[in-house]
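Report on the structure given below.
The values are calculated or read from the model by the stated rules, or taken from the named source; none is laboratory data. Only a predicted model underlies this, so the values are computations on that prediction, with no experimental measurement involved. Note that we place each Cβ from the backbone using ideal geometry, even for glycine, and neighbour counts take in every protein chain shown. In case anyone asks, the SASA skips ligands and DNA or RNA and just uses the protein heavy atoms, side chains included. Shrake-Rupley method; radii C 1.70, N 1.55, O 1.52, S 1.80 Å.
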Amino acid sequence: MPREKSIRFGWRCDSCGEVVSDLQAGWVEWLAAEDAKGKPKVSGLRLVHRRNISPGWREPYGCQYNPRDEFRKNRAIVEGLALDRFAGPDGLMLLLSMIAERELPMQELIELAKRVQIPGYEAAYELLHDAVSEGVIAPSISSGFYLQCEIWDVLKWANAEVQRERANVERQDRCVVSH
């Protein structure tokens, strides 16, 4: 397991990369525009910090899209909802309706659904590729779709790796001789 990857609690902000610690701290946003033929085009789905909670709170929009910049770039309008609207049974129903209506790119919606609805998925997300390649798990369904037992096996594996690294550091610290 590479050192830069660790078990994460909450969600990773798609703008700054820092942790969105709880549902009330999160925001889901996207861009709505028209394509060259004048048809609606929606893109840029991302989970970010709410404006007043963002690590970049000094910026006018924090981690969120700047509506003026997005409109200037491609005449896009920024749309969004609080993260808690996507959680729980009603949030799942909202996500499923958005997938059915193809309101946003399907892959992005499916990934958001996994991140918000599947316990442990976000915590294990950055570790899954390494866990599969190291033989910790073999996805029963398919790559990108993991059962709860597989997610928890990855988290246990990552936790064991962290514990081994700590033990090695402690052992090295004890072996250092001061002069």
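Points worth noting:
- Pair list, Cβ under 6 Å, 6 or more apart: segment 33-55 residue over 18 Å from F71 (Cα atoms), other residue at pLDDT 90 or above and surrounded by fewer than 17 Cβ atoms within 10 Å (Cβ to Cβ): P55/C16; P55/E18
- When restricted to residues that are touching a residue at least 24 places away in the same chain (Cβ under 8 Å), open to solvent by 30 Å² or more (accessible area, probe 1.4 Å) and assigned to a helix (DSSP H, G or I), segment 59-83 contains 1.
- Flag for A160 being modelled with pLDDT under 95 and either open to solvent by 50 Å² or more (accessible area, probe 1.4 Å) or farther than 29 Å from A36 by Cα (or both): yes
- Residues in segment 116-138 that are touching a residue at least 12 places away in the same chain (Cβ under 8 Å) and either assigned to a helix (DSSP H, G or I) or touching a strand residue (DSSP E or B) at 6+ places or on another chain (Cβ under 9 Å) (or both): 12 in all.
- When the residues of segment 84-96 are filtered to those that are open to solvent by 30 Å² or more (accessible area, probe 1.4 Å), hydrophobic (A, V, I, L, M, F, W, C) and within 19 Å of the chain's Cα centre (by Cα), the one that is nearest to S21 (Cα to Cα) is L92.
- Residues of segment 97-115 satisfying the condition of being surrounded by 13 or more Cβ atoms within 10 Å (Cβ to Cβ) and not in a loop (DSSP other than H, G, I, E, B): M98, I99, E108, L109, I110, E111, L112, A113, K114, R115
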